[in-house]
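The values are calculated or read from the model by the stated rules, or taken from the named source; none is laboratory data. Computed from a predicted model, the values in this text were never measured in an experiment. FYI the Cβ positions are ideal-geometry reconstructions off the backbone, even for glycines, and counts take in every protein chain you see. Please note that ligands, DNA and RNA were not included when accessible areas were found on the heavy atoms of the full protein model with its side chains. Shrake-Rupley method; radii C 1.70, N 1.55, O 1.52, S 1.80 Å.
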Amino acid sequence: MTRDACVLLDRADPLGAMRDQFVLDDGVIYLDGNSLGALSHPAIKQVRALLEAEWGRGLIRSWNEAGWIDAPRRIGDKLAALLGADPGEVIVADSTSVNLFKLLAGAARLRPERPVILTEVETFPTDLYLAAGVVDLLGGGREVRAVPRTELRESLDGRVALLMLTHVDYCSGYMHDMRALTEAAHHAGALVLWDLSHSAGAVPLNLNACAVDLAVGCGYKYLNGGPGAPAYLYVSRHLQPEMRSPLWGWMGHASPFDFSPTYAPGDGIARYLCGTPPMLAMAALEAALDLWLSVDLETAWRKSRALSELLIRLVDERGADLGFSVASPRDPWVRGSHVAIRHPEGYRIMRALIARGVIGDFRPPDLMRLALTPLYTRFVDVWDAVDRLVEVVAGRAYEAPPYAQRLAVT
Ligand SMILES: *Cc1c(COP(=O)(O)O)cnc(C)c1O
């Protein structure tokens, strides 16, 4: 595969023009959209309009007149299209961690006779911590059972209240079979909660077709909602009447502006709101989602797979002799939209690579992660990134002393 061939692939890319919607400096190849998606021009425009017109001139009237109060639900409905959910099943609020807490506690209390929250050991730490925190809070002999991936199915016994899994693994990019595992959990009488942080905007999703009960995910990764963007949660229509949020905030009340002294949960998904939505952040997320909704999703997923296939092929061709190996699944149907590359000097190599304008990230002990975001990554970016990776290692540039020092955020 030559660089010229990549240029031709970009010319033929039906999503090629989408890149112009994003703010990306010429000297930068951005392959970290799985940690923080890029800024889009529509997001700038929408945040500016919110600041100047809606807040600046509209003031408090904008809660009604600019539709601020409906934003969590409205943006949730837009997101539902990307998740394969129905309108009214998704709401945008809080952080992924807080939403996990709401759904873990709500689900545990739907199966009081079953003490176990089942998950896998390799999952993202905040998911493990929140499950442990919910068990600690609710007591009653509850426990978190975190098992290796290969033991998940056999661990689904009559004691499991909830199976909680990250759909696409944040390190390796491994993607679970959502449909099969959801079915297995239901067969065992358990509910299922999927964390979609590395899935939405990265891979096809159809929560309804997979009969998923619960899900959460991030707004700031592939969705491009901005640093610390509001997160989302999904509760399947059939669970909505019986399940409750443990956080009885006034925004989740059946009628917040009655100012009643007693709590009554709102209808459906509305009860999972807690406090006032952060409108500046909501505006950025909504603009970013509108971009997503303007593209053909099948085309986006196809491009994601083609980009990651190209990266793997180039790393195999040019990196194997330099100690690189691909740590992600090679089958694109069990892989998300990032590729993890293993190298014993991964941390220093990534620092040297970032200094040369190729931005990815590092996860211990030895994984470099490169995300292939279909809306703004070009095929030629992948070629250039691998070229610089090879250059940094072949020329031993990563041995420069500053790169050995760990930064606070990797
Ligand atoms: C990124 C990520 C989170 C982040 O949670 P925050 O509350 O936004 O910090 C949670 N879970 C998974 C699986 C993630 O990848």
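Annotations
- The GluC sites (Glu not before Pro) found in region 60-115 that occupy coil by DSSP, while having at most 10 further C-beta atoms within 10 Å, are Glu113.
- Restriction of the trypsin sites (Lys or Arg not before Pro) in region 130-217 to DSSP coil positions whose beta-carbon has at most 16 other beta-carbons within 10 angstrom yields Arg153.
- Within the same chain, aspartates and glutamates fewer than 8 places from Lys303 are excluded, and of the rest, those with a Cα less than 17 Å from its Cα are Asp10, Asp13, Asp20, Asp32, Asp331, Asp381.
- Taking the centroid of alpha carbons for each part, region 4-23 and region 336-410 are 22 Å apart.
- Comparing Tyr170, Tyr220, Tyr263 in a Gaussian network model of the chain where C-alpha atoms under 10 Å apart are linked, the largest mean-square fluctuation is found at Tyr263.
- When +1 charges are put on Lys and Arg Cβ atoms and -1 charges on Asp and Glu Cβ atoms, the dipole computed for region 90-202 relative to its Cα centre reaches about 320 debye.
- Label zone at Glu317, where the point sits 7 Å out along the Cα-to-Cβ direction: region 2-16 residues whose backbone N lies under 11 Å: 2-6
- Accessible surface for the chain, divided over its residues, is 42 Å² per residue with a 1.4 Å probe.
- Taking every DSSP beta bridge that has both ends in the chain, the antiparallel portion is near 55%.
- Centre-to-centre separation between the Cα atoms of region 147-210 and those of region 103-129: 12 Å.
- For region 26-110, the residue among Trp63, Leu39, Pro87 whose Cα projects farthest onto the positive side of the dipole built from Cβ charges is Trp63.
- Counting only Cβ charges, +1 for Lys and Arg and -1 for Asp and Glu, the dipole size of region 1-120 around its Cα centre is about 440 debye.
- Neighbours of Val334 by Cβ distance under 12 Å: Lys/Arg scored +1, Asp/Glu scored -1, total +1.
- Carbon plus sulfur fraction of accessible area for the chain, probe 1.4 Å, in percent: 55 percent
- A Gaussian network model of the chain, with springs between Cα atoms under 10 Å, assigns the largest mean-square fluctuation among Lys78, Lys221, Lys45 to Lys45.
- For the chain, the equivalent ellipsoid derived from the Cα gyration tensor has semi-axes of 36, 27, 18 Å, listed largest first.
- Kyte-Doolittle mean at least -1.0, axial Cα span of 24 Å or more - DSSP H helices of the chain: 297-319
- Estimated dipole of the chain in Debye, rounded to 20 [Cβ of Lys and Arg +1, of Asp and Glu -1, Cα centre]: 360 debye
- Charge-dipole axis of the chain as Lys and Arg at +1 and Asp and Glu at -1 on Cβ define it, positive-most pick from Ser337, Tyr129, Ala49: Tyr129
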